[in-house]
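> My questions all concern the structure below.
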Amino acid sequence: MNPFTREIIVRFEHCDAAGIMFYPRFFALVNETVEDWFASLGFDFKTLHVDQRKGVPTVRLESEFVAPVRMGDVLKQSLGVEALGNASLGLKHLAVVGDGAVARFDQTLVFTDLNAMKAEPWPADLRAAIAKFAEIT
């Protein structure tokens, strides 16, 4: 799997009163990673969602929280493609602090026409960009 990665510093805004990352913030960070990845493929969310009225809603998201994350930690997030279907996309996310995993997420997205609110096949250019990233033939 060829991962897309990004790093953030865990800030006060990410944490609860105990000074550890509030678990719902992880879901927002997963979405940010997906958005950054699509932009790196040349398909930014503004163009997809606003201009083209296409979306990639999450239809399944499984999570596992392995260790606490504290304010000031450098959180490294990685995303890899597990499966590319006709309209769906299986992603694996890993969040790491230092050398240790802190969270894992399995996510399924579906390419959707936002006007009809129905799934449709990936456009050829976007599918090719995903396949090239994932090294799928």
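> Going through segment 64-103 one residue at a time, which ones are exposed (fewer than 15 other Cβ atoms within 10 Å of the Cβ) and within 13 Å of the chain's Cα centre (by Cα)?
Correct list: GLU82 only.
> Could you count how many residues in segment 14-40 are in a helix (DSSP H, G or I) and within 20 Å of VAL97 (Cβ to Cβ)?
Number of matching residues: 13.
> If ASP106 meets every condition in (1) of a type in the set (D, E, K, R); (2) out of contact with any Asp or Glu (no Cβ under 8 Å at 6 or more places or on another chain); (3) surrounded by 14 or more Cβ atoms within 10 Å (Cβ to Cβ); (4) assigned to a strand (DSSP E or B) apart from one, which number is that one?
(2)
> Now for a separate question. Consider only pairs whose beta carbons are under 9 Å apart and that are at least six residues apart or on different chains; among these, list those whose first residue lies in segment 41-57 and is closer than 20 Å to ALA134 by Cβ and whose second residue is part of a helix (DSSP H, G or I) and of a type in the set (Asp, Glu).
Within 9 Å, the pairs are GLY42/ASP125; PHE43/ASP125; ASP44/GLU35; PHE45/GLU35.
> Among the numbered conditions (1) outside any loop (DSSP other than H, G, I, E, B); (2) within 21 Å of GLY90 (Cα to Cα); (3) in contact with a helix residue (DSSP H, G or I) (Cβ under 8 Å, 6 or more places away or on another chain), tell me where PHE43 comes up short.
(1)
> Related question: Find all pairs meeting these conditions: Cβ atoms under 7 angstrom apart; at least six residues apart or on different chains; first residue within segment 60-86 and farther than 19 Å from THR5 by Cβ; second residue part of a loop (DSSP other than H, G, I, E, B) and at pLDDT below 95.
Partner pairs satisfying both residue conditions: ARG70/GLY19; MET71/GLY19; LEU84/ILE136.
> Scanning segment 54-69 for residues that are part of a loop (DSSP other than H, G, I, E, B) and of a type outside the set (A, V, I, L, M, F, W, C), which turns out nearest to ILE8 (Cα to Cα)?
Checked segment 54-69; the qualifying residue nearest to ILE8 (Cα to Cα) is PRO68.
> On to the next question. When residues of segment 98-137 are filtered for being farther than 18 Å from PRO57 by Cβ and in contact with a Pro (Cβ under 9 Å, 6 or more places away or on another chain), how many remain?
1
> Within segment 2-18, can you find the residues that are over 14 Å from LYS76 (Cα atoms), exposed (fewer than 13 other Cβ atoms within 10 Å of the Cβ) and either of a type in the set (S, T, N, Q) or touching a strand residue (DSSP E or B) at 6+ places or on another chain (Cβ under 8 Å) (or both)?
Of everything in segment 2-18, just one residue is over 14 Å from LYS76 (Cα atoms), exposed (fewer than 13 other Cβ atoms within 10 Å of the Cβ) and either of a type in the set (S, T, N, Q) or touching a strand residue (DSSP E or B) at 6+ places or on another chain (Cβ under 8 Å) (or both), namely ASN2.
> Considering segment 1-58 alone, what residues qualify as being among the small types (Gly, Ala, Ser), modelled with pLDDT of 95 or more and either closer than 21 Å to ARG104 by Cα or in contact with a Phe, Trp or Tyr (Cβ under 9 Å, 6 or more places away or on another chain) (or both)?
ALA28, ALA39, SER40, GLY55
The values are calculated or read from the model by the stated rules, or taken from the named source; none is laboratory data. This is a predicted model, so every value here is computed, not measured. We place every Cβ from the backbone using ideal geometry, glycine too, and count neighbours over all the protein chains shown.
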